[in-house]
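Comments concern the structure below.
The values are calculated or read from the model by the stated rules, or taken from the named source; none is laboratory data. Keep in mind that this is a model prediction, so the values were computed, not measured. Note that we place each Cβ from the backbone using ideal geometry, even for glycine, and neighbour counts take in every protein chain shown. Note: accessible area is taken over every heavy atom of the protein model, side chains too, but ligands, DNA and RNA are not part of it. Shrake-Rupley method; radii C 1.70, N 1.55, O 1.52, S 1.80 Å.
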Amino acid sequence: MIKLILALTLSVASPLVHAADLVFRDWRVATETDAVLNVPVCRAYTQIATNLPVPVELSLSFPTAFDRVPMMILKLPANSLVNRAVIPFTNTELEDLLIFQAVTDPAQKDMLWYVPIQMEKMVDIIIGNSNLPLKFTQAGKDIAGKISLTGSTAALNQIARCLKVNEILPSKFFKELNVAAGTAPLGPDQTVAQLMIYVDQAFAHYREMARTDADLVKLRATMKTLLTQETEAQRGLNTAQNNLNTATTTANTTKEKIRAGEERLTLIPGEIQALQQQKPAAEQLLAQKKAAYDPLRQQVIRLESAIDSAESDVSSYSQQIRSHENTISSNNSKINDLQREASQLDREVDNIDRDLGPLERRKSQLESDLASYNVEIEKQKILNSNSRYSSLKTERETL
């Protein structure tokens with residue numbers, strides 16, 4: 001949502017509408033010198049309201065030079081007897097407009113100023129809603145009406161073009177101004193005009209700080225090369241200091257080693273004399289040890305030769321064992337093959353035995369038939385069954 005630097009003015013008297021004003025439905029935009037701020041401003045305003053017993057004007061004015069803080073003012077007819085008005089954001093969140101000019105001359109206007117506690121939210125509501133609720137008490141009577149916001153968005157966009165900026169509401173200033181803002185009423189020794197002066201002074205201080213920050217940025221830009229050189233020089237100095245510290249530590253360590261060496265040198269002559277005194281006894285002990293060592297050494301040599309021979313025999317036996325194992329493995333393979341072949345032959349023999357049974361039975365039957373077969377009888381049966389033979393036989397018998 002577009003944010004704007006602006007002063008909001010609500011007025012009951014109908015000011016003169018200039019022909020040069022730009023019209024945006026219920027809203028207008030004018031460029032003029034503000035009567036309250038007394039500086040050139042861009043002003044957006046409306047005179048359209050509902051449910052209010054008096055005419056009103058809502059205007060939004062802000063300095064074109066950005067040298068004064070934006071304001072929000074409610075103008076009512078002279079002698080309106082209204083000291084305070086509120087714009088309710090919610091039922092519990094009420095924004096105050098306080099009287100700072102009360103007049104009796106009908107040619108002038110009563111003015112109420114909006115304390116900019118939530119200026120950004122106020123502008124967002126004006127841009128994003130269709131009306132702005134307004135409440136005040138007049139002559140003991142509670143008044144509640146609405147200011148039309150139809151066209152306010154276009155009017156505020158025109159104000160942004162009038163100022164030739166994209167962000168015209170000084171958001172940072174309002175955030176800093178209201179960091180510790182409260183809702184306590186003014187004290188008896190305070191006036192709205194004084195409060196307005198305090199806000200203006202705070203804005204002037206804010207602008208001065210902004211200029212100082214900008215000057216500081218420029219100064220840093222001009223000093224960038226020197227700062228870089230300073231950083232590099234500081235880095236070199238730190239490196240040199242580190243090297244110096246390392247060299248100092250090394251020198252101290254070396255000195256300590258030299259001191260320890262010198263102390264050691266003072267002890268060496270005494271140690272040499274003691275060793276010389278111990279030397280004859282050590283040489284005698286060495287001769288005794290050597291006399292015992294030489295036979296053991298010869299025995300070790302013999303044992304090592306025997307071990308080498310045994311290891312050679314073990315190697316030969318290992319090779320023979322591996323050869324026998326290979327032969328056994330080969331024979332086991334052949335045995336398995338022969339066993340499989342024997343099993344196959346057993347199955348074939350069983351098959352032959354099964355086939356031989358019927359053949360033997362057939363043979364027995366044929367032998368039995370052969371034994372009971374009489375050639376002469378069978379021949380006679382065949383001849384007797386032949387009618388030609390029977391006829392010839394009969395003829396022969398009759399001769």
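For Met119, only one of the following conditions fails: (1) out of contact with any strand residue (DSSP E or B) (no Cβ under 7 Å at 6 or more places or on another chain); (2) open to solvent by less than 20 Å² (accessible area, probe 1.4 Å); (3) closer than 19 Å to Ile48 by Cα. What is its number? Every listed condition holds for Met119 apart from (3). The set of residues in region 76-104 that are open to solvent by less than 60 Å² (accessible area, probe 1.4 Å), among the charged types (D, E, K, R) and within 14 Å of Thr137 (Cα to Cα) contains only Asp96. Evaluated against (1) modelled with pLDDT of 85 or more; (2) of a type in the set (Lys, Arg); (3) farther than 19 Å from Ala65 by Cβ; (4) surrounded by 10 or more Cβ atoms within 10 Å (Cβ to Cβ), Arg220 falls short on exactly one condition, (1). Listed by first and then second residue, the pairs with beta-carbon distance under 6 Å, at least 6 apart or on different chains, first residue in region 130-150 and more than 20 Å from Phe24 (Cβ to Cβ), second open to solvent by less than 40 Å² (accessible area, probe 1.4 Å) and not in a strand (DSSP E or B), are Phe136/Val82; Gln138/Val82; Gly145/Leu52.
Inclusion of Glu230 among residues that are exposed (fewer than 10 other Cβ atoms within 10 Å of the Cβ), modelled with pLDDT under 80, assigned to a helix (DSSP H, G or I) and of a type outside the set (Gly, Ala, Ser) is not warranted. Test Ser130 against the stated conditions and say whether it is at pLDDT 85 or above, within 15 Å of Thr46 (Cβ to Cβ), among the small types (Gly, Ala, Ser) and open to solvent by 40 Å² or more (accessible area, probe 1.4 Å). It is true that Ser130 is at pLDDT 85 or above, within 15 Å of Thr46 (Cβ to Cβ), among the small types (Gly, Ala, Ser) and open to solvent by 40 Å² or more (accessible area, probe 1.4 Å). Criterion applied to Asp369, Asp313 was being assigned to a helix (DSSP H, G or I), under 30 Å from Ser390 (Cα atoms) and either in contact with a Gly (Cβ under 6 Å, 6 or more places away or on another chain) or open to solvent by less than 90 Å² (accessible area, probe 1.4 Å) (or both), and the one residue passing it is Asp369. Looking at the structure I just gave you, is Thr64 in contact with a strand residue (DSSP E or B) (Cβ under 6 Å, 6 or more places away or on another chain), among the hydroxyl-bearing types (Ser, Thr, Tyr) and modelled with pLDDT of 85 or more? So Thr64 fits the description; yes.
The set of residues from region 390-399 being in a helix (DSSP H, G or I) and open to solvent by 70 Å² or more (accessible area, probe 1.4 Å) comprises Leu392, Lys393, Thr394, Glu395, Arg396, Glu397, Thr398. Which residue, of Arg68, Arg43, is assigned to a strand (DSSP E or B) and more than 19 Å from Asn166 (Cβ to Cβ)? Arg43 is the lone residue from the list that is assigned to a strand (DSSP E or B) and more than 19 Å from Asn166 (Cβ to Cβ). The number of residues in region 168-197 that are open to solvent by 100 Å² or more (accessible area, probe 1.4 Å), modelled with pLDDT under 85 and part of a helix (DSSP H, G or I) comes to 1. Contact map, region 77-100: residues that are among the hydroxyl-bearing types (Ser, Thr, Tyr) paired with residues that are open to solvent by less than 60 Å² (accessible area, probe 1.4 Å), Cβ distance under 6 Å, separation 6+ or inter-chain. Pairs shown: Ser80/Asp110. If you go through region 104-134 and pick out every residue that is out of contact with any Ser or Thr (no Cβ under 8 Å at 6 or more places or on another chain) and over 24 Å from Ala155 (Cα atoms), you end up with 5. In region 92-110, of all residues being closer than 10 Å to Ala78 by Cβ and outside any strand (DSSP E or B), the one that is nearest to the chain's Cα centre (by Cα) corresponds to Ala102.
Any residue at all in region 273-285 that is modelled with pLDDT of 80 or more and within 39 Å of the chain's Cα centre (by Cα)? No, because not a single residue in region 273-285 is modelled with pLDDT of 80 or more and within 39 Å of the chain's Cα centre (by Cα).
Only residues that are open to solvent by 40 Å² or more (accessible area, probe 1.4 Å), under 21 Å from Val82 (Cβ atoms), free of Cβ contacts under 8 Å to residues at least 40 places away in the same chain and of a type outside the set (A, V, I, L, M, F, W, C) were counted across region 26-61, and they come to 1.
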